[in-house]
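For reference, the structure is listed below as structure tokens.
The values are calculated or read from the model by the stated rules, or taken from the named source; none is laboratory data. Predicted model, so just to flag it, every value in this text is computed and none were measured. All Cβ positions, even for glycine, are placed from backbone atoms using ideal geometry, and neighbour counts span all protein chains on display. Note: accessible area is taken over every heavy atom of the protein model, side chains too, but ligands, DNA and RNA are not part of it. Shrake-Rupley method; radii C 1.70, N 1.55, O 1.52, S 1.80 Å.
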Amino acid sequence: MRRLPHSFYDRDTTLVAHELLGKLLVRIEHGVERIGRIVEVEAYLGSHDKAAHSARGRTTRTEVMFGPAGHAYVYLIYGVHHCMNVVTEPQGVGAAVLVRAVEPVRNIGARTQGPGLLCKAMGIDKRLNAHDLTSDDFFLAAPRRPQHFDTVRRPRVGVDYAGSWARRLLRFYVAGSPYVSRP
């Protein structure tokens with residue numbers, strides 16, 4: 001496994017989102033290595049994207065979204081579920097990619113179809129907010145052998161409030177994967 005460098009994340013958010021498919025999400029806690037292959041993501045393009053948390057500007061919650069790239073943006077939704085995003089683009093943009101689903105690879109015994117379920121299954125919570133994703137205990141990596149798959153593009157889930165931004169094809173997933181949250 002080759003850990004992804006900061007330069008991987010410091011690029012166009014849509015490109016990063018697409019290229020995250022098939023990469024490995026690794027969480028090491030108490031000596032246990034949990035690994036999931038990313039099969040579904042959503043791109044949030046910055047403060048001009050009405051569906052992005054950064055559209056409301058810099059707040060205590062969203063500060064990490066504004067950079068630097070290659071850090072985790074972890075937040076709680078509905079007071080119950082954690083969601084994990086990968087911060088992208090140069091500092092100040094406020095862009096990130098939501099990791100929506102992973103295919104279990106190692107030491108994951110729970111469901112991972114959906115951002116809340118995947119965070120629960122992998123032990124990701126607010127303690128990891130702003131965590132450097134090139135660290136030794138929480139990172140993304142390229143698999144030893146690249147996989148070939150077809151990618152599906154769809155509108156993002158649950159952002160109807162965002163007007164025309166809700167219809168943009170900024171959700172990407174691996175065609176035919178049984179681990180995708182919503183085909």
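Considering Ile124, Ile108, the condition of being of a type in the set (Val, Ile, Thr), in a loop (DSSP other than H, G, I, E, B) and within 24 Å of Val157 (Cα to Cα) is satisfied by Ile124 alone. Answer with yes or no whether Arg153 is at pLDDT 95 or above, basic (Lys, Arg) and either within 19 Å of His30 (Cβ to Cβ) or under 13 Å from the mean Cα position of the chain (by Cα) (or both). Criteria not met by Arg153. From the list Val32, Val41, the lone residue that is of a type in the set (A, V, I, L, M, F, W, C), in contact (Cβ under 8 Å) with a residue 60 or more places away in the chain and surrounded by 22 or more Cβ atoms within 10 Å (Cβ to Cβ) is Val41.
The residues of the stretch 4-29 that are touching a Gly at 6+ places or on another chain (Cβ under 9 Å) and buried (at least 20 other Cβ atoms within 10 Å of the Cβ), listed by number, are Leu4, Phe8, Tyr9, Thr13, Leu24, Leu25, Val26, Arg27. Scanning the stretch 152-171 for residues that are among the charged types (D, E, K, R) and open to solvent by 80 Å² or more (accessible area, probe 1.4 Å) yields Arg153, Arg154, Asp160, Arg167, Arg168. Selection over the stretch 59-106 of residues that are small (Gly, Ala, Ser), open to solvent by 40 Å² or more (accessible area, probe 1.4 Å) and closer than 17 Å to Thr134 by Cα gives a count of 0.
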